[in-house]
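The values are calculated or read from the model by the stated rules, or taken from the named source; none is laboratory data. None of the values given here were measured: they were computed from a predicted structure. Heads up, the Cβs are rebuilt from the backbone with ideal geometry, glycines too, and the neighbour counts pull from every protein chain shown. When the accessible area is computed, the model is the full protein with side chains, heavy atoms only, and any ligands, DNA or RNA have been set aside. Shrake-Rupley method; radii C 1.70, N 1.55, O 1.52, S 1.80 Å.
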Amino acid sequence: MYELLNRIKETGDIKKIPEDRLDELAEEIRGFLIEKVSHTGGHLASNLGVVELTMALHLFLDLPSDKLIFDVGHQSYVHKILTGRKDKFDTLRKLNGLSGFPNRSESPCDICNVGHSSTSISLAVGLVNARNIKGGKEKVVAVIGDGALTGGLALEGLNNAGKLKSNLIIVLNDNNMSISESVGAMSGYLAKMRTSVGYNNFKGGIEETLGKVPWGKSVVSKLKRSKDSIKHLVVPGMFFEDMGLTYIGPVDGHNIQSVRSALDAASRKNNAVLLHVITKKGKGYKIAEHEPAKYHGVNAFDINTGKNVLGRADHAKTYSEVFSDEIVKIAENDRNIVAITAAMPDGCGLNNFKKRFPSRYFDVGIAEEHAVSFAAGLAIADLTPVFVVYSTFLQRAYDEMLHDVCLNNLHVVFMVDRAGLVGRDGPTHQGVFDLSYFTQMPNMKVFAPKDERDMRKMMRYAIYCKGPVAIRYPRGNASNYFDDLTDTPVEAGKGVWVRKNEKRDAVILAVGSMVETAVKAGEILLKKGIKIDVADMRSVKPFDEEIALEGARAPLVVTMEENVLSGGFGEHIDSFYENRGIKTGILNIAFPDRFIEHGEVGELLKIYEMDAASVADRIEKRIKQEN
């Protein structure tokens, strides 16, 4: 079925494929990707769009001696195939299987573990300078998408790259998409450049025509000396050239020979070169071509229809959908509410808000640092900014949260989606650090809902309280496990008991998604005659000191959070008891001081002994030790 693809056993084998059959190999790779990702899920559209580009890079480079860096890295599937990992694709994004991103432990051709946007240029500039210091000869190529150029780090890297006096090739993979459609001034600038494909043809045509007349060579010479002036006339702005880079393009990214020729030309420059390549996200699979954002990242799907074959387990809303519903309801009666996303309107649930209140919706592109300071400016002007963002991406804006928002005690609402485990995207995307960095920040209030009802109440409280406030919530369906509980108002510094006994053997102080797990663990232990009280702490900062003090009357206090232990809720409870001289047994249940690998959420919770059965077992063993 894959005659040519089956010849690719290890790095460099693509160079053995006949030139006249490379397009055929490209089609086989696309078919292979669609087949495998339809079973495993993964980043489909982005990889379909870079097939020929990646092939051209592998034909041009001598890997792993040369260095190839992918920005974000979700488009590295073709690279993995061409470096001998084709036979592992059935394990893609599965526990102990092939990572969905470049991973140094898999291949020496993956020179850096990546997963966040806008990092590649800075990494490449570092590699070039290291090459120069060591006297090396290796080529260095960074591949970055147009959406990633909205990130401040990418622009910082470009600024530094413009000073280089030796070769660096920056391949701009321009498909007018990040995850959703690219936005902002850079997007508009690149759109103009796509229509300026005539520059290089124009320049070459002039040289050829004038070279045929007696006085033509003199004119050509003068034109070359004034090439910058011509570029400014023909190509709007020449932003990259003005920064000190040589600009080549635009080039058809689906024409292997054109890309190879451009790479060869770029490699002959003694400075940084930006090679502008135009590609189509989702190319070769019509369904993905029509809806590239939807097929950016997918679960297992039916190839013929494109439909998710797993479906939804029930009719419960996801936390993102709950947010989407509630923010629209609140904003209908409050014109001061504005919503901000960093290029994630689909994933974060802001599409409905965008349609309903377009003048109060802001997509700042992949620029989380800017988003936070931008929100601070809105708050200073007495608006109520709601920044909705994935936990893993908000890490990038730590200083802006601390300095611009918290120091000024501004009322900015952070809706922190995908907090806790996200599963198959692995260590770069697991949102297990936000409780640690949020709870360090003076003036910050932090909440975590245990279910849909809590989520809605917390949003209303957060929007109308004072000062900075964050609500962190997990990926997936909102829990409906606690429908029997009485309705209790949300308040900073107040939790609620969800299970209480006459006499208890241990008390669990649980945060967010761990409340349901705590209750289920308590039910397992009750069958063994062990009685467990469970408190939903709700407000992580400030936490409910009364509940914490009452819990300390039990022989054992257990803290539970879907966060790393270091700096998390559990350590704050430990410190609270220690500072008050309270002597009680303490068991902290959280993730260890390490990056959490990729795999299904349930699998990972079991591995780290944070599922209900494992928690019950750990508590039972600890109670026996205490006795």
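With respect to being hydroxyl-bearing (Ser, Thr, Tyr), touching a residue at least 12 places away in the same chain (Cβ under 8 Å), surrounded by 14 or more Cβ atoms within 10 Å (Cβ to Cβ) and not in a loop (DSSP other than H, G, I, E, B), TYR247 fits the description.
Are any of the residues in segment 8-15 under 26 Å from SER118 (Cα atoms) and either open to solvent by less than 10 Å² (accessible area, probe 1.4 Å) or polar (S, T, N, Q) (or both)?
Residues of segment 8-15 under 26 Å from SER118 (Cα atoms): none.
Scanning segment 8-15 turns up no residue that is under 26 Å from SER118 (Cα atoms) and either open to solvent by less than 10 Å² (accessible area, probe 1.4 Å) or polar (S, T, N, Q) (or both).
For VAL515, the requirement of being surrounded by fewer than 24 Cβ atoms within 10 Å (Cβ to Cβ), β-branched (Val, Ile, Thr) and under 28 Å from PRO468 (Cα atoms) is not met.
The number of residues in segment 466-482 being open to solvent by less than 20 Å² (accessible area, probe 1.4 Å) and farther than 20 Å from ALA510 by Cα comes to 2. Look at segment 137-161: where a residue is more than 12 Å from ALA124 (Cα to Cα) and outside any loop (DSSP other than H, G, I, E, B) and a partner is open to solvent by less than 10 Å² (accessible area, probe 1.4 Å) and not small (Gly, Ala, Ser), sitting 6+ places away or on another chain with Cβ atoms under 6 Å, you get ALA148/ASP71.
Conditions tested, residue by residue: (1) of a type in the set (Asp, Glu); (2) closer than 25 Å to GLY431 by Cβ.
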{"residue": "ASP451", "(1), (2)": "yes, yes"}
{"residue": "ASP487", "(1), (2)": "yes, no"}
{"residue": "LYS494", "(1), (2)": "no, yes"}
{"residue": "VAL498", "(1), (2)": "no, yes"}
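Among the numbered conditions (1) at pLDDT 95 or above; (2) over 33 Å from the mean Cα position of the chain (by Cα); (3) open to solvent by 10 Å² or more (accessible area, probe 1.4 Å), the only one that LEU525 does not meet is (3). When segment 503-538 is filtered for residues that are in contact with a helix residue (DSSP H, G or I) (Cβ under 9 Å, 6 or more places away or on another chain) and among the hydroxyl-bearing types (Ser, Thr, Tyr), only THR517 remains. Where strands (runs of 3 or more DSSP E) sit wholly within segment 531-622, those with at least 2 residues that are open to solvent by less than 40 Å² (accessible area, probe 1.4 Å) and among the polar types (S, T, N, Q) occupy 556-564.
With respect to LYS528, is the statement that it is part of a loop (DSSP other than H, G, I, E, B), out of contact with any Cys (no Cβ under 7 Å at 6 or more places or on another chain), in contact (Cβ under 8 Å) with a residue 24 or more places away in the chain and farther than 21 Å from LYS494 by Cβ true? Steps first, please.
Working: part of a loop (DSSP other than H, G, I, E, B): yes; out of contact with any Cys (no Cβ under 7 Å at 6 or more places or on another chain): yes; in contact (Cβ under 8 Å) with a residue 24 or more places away in the chain: yes; farther than 21 Å from LYS494 by Cβ: yes.
For LYS528, the condition - part of a loop (DSSP other than H, G, I, E, B), out of contact with any Cys (no Cβ under 7 Å at 6 or more places or on another chain), in contact (Cβ under 8 Å) with a residue 24 or more places away in the chain and farther than 21 Å from LYS494 by Cβ - is met.
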